[in-house]
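The values are calculated or read from the model by the stated rules, or taken from the named source; none is laboratory data. Owing to the predicted nature of the structure, the values given are computational and were not obtained by experimental measurement. We place every Cβ from the backbone using ideal geometry, glycine too, and count neighbours over all the protein chains shown. Accessible surface is based on the protein model in full, side chains and every heavy atom, while ligands, DNA and RNA are left aside. Shrake-Rupley method; radii C 1.70, N 1.55, O 1.52, S 1.80 Å.
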Amino acid sequence: MVAGIIIQMAAITIYCIVQGDYLWRVITDRPVRRRSNPSGGVTPQSDVEGASNTVTLEKQAVSGRARLTPNIKSMLLGLVIATVFIYIRSIYRTIELLDGWDGAVYVNQKLFNSLDGMPIFVAMFVLNVFHPGRFIATGKERNAVA
């Protein structure tokens with residue numbers, strides 16, 4: 001059981017590192033690969049003879065910070081809060097199980113309620129309030145952002 005909790009903590013730690021790196025790169029606008037900056041757009045020619053109308057299609061590069069819409073910021077806030085509380089619970093469970101079945105931490109009901117039950121309650125409450133399905137753009141909204 002202890003190994004499972006330690007693996008869970010390691011996975012959450014890796015997730016926190018990757019998510020922190022992602023957010024840092026988005027906020028500071030430092031992507032892993034630089035976006036190509038096209039010098040000119042695509043200019044389709046008309047098939048009609050003698051037509052001189054041309055249309056230039058260009059897609060503007062959007063900075064990482066501009067992609068952080070208020071909805072995405074709210075969703076990320078919810079994920080950060082939930083992750084912190086789940087991490088607190090994992091630390092408590094690791095200490096509890098390392099102390100053994102008869103340890104002082106394992107038999108203390110107040111510690112169990114405050115460091116096991118409460119963090120999961122808060123994490124689930126926050127994930128319900130800031131549910132990603134409510135904040136992720138769909139359809140036309142997604143095309144406008146991308």
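Values as computed for the structure displayed
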{"quantity": "Residue check, Y15 among the aromatic types (F, W, Y), open to solvent by 40 Å² or more (accessible area, probe 1.4 Å), at pLDDT 90 or above and under 26 Å from G133 (Cβ atoms)", "calculated": "yes"}
{"quantity": "Selection within segment 67-85 - under 23 Å from I6 (Cβ atoms) and open to solvent by 40 Å² or more (accessible area, probe 1.4 Å)", "calculated": "L79, V80, V84, F85"}
{"quantity": "Failed item in (1) surrounded by 13 or more Cβ atoms within 10 Å (Cβ to Cβ); (2) among the hydrophobic types (A, V, I, L, M, F, W, C); (3) modelled with pLDDT under 90, with I91 passing the rest", "calculated": "(3)"}
{"quantity": "D21, sole failed condition from (1) at pLDDT 90 or above; (2) charged (D, E, K, R); (3) closer than 30 Å to M1 by Cα", "calculated": "(3)"}
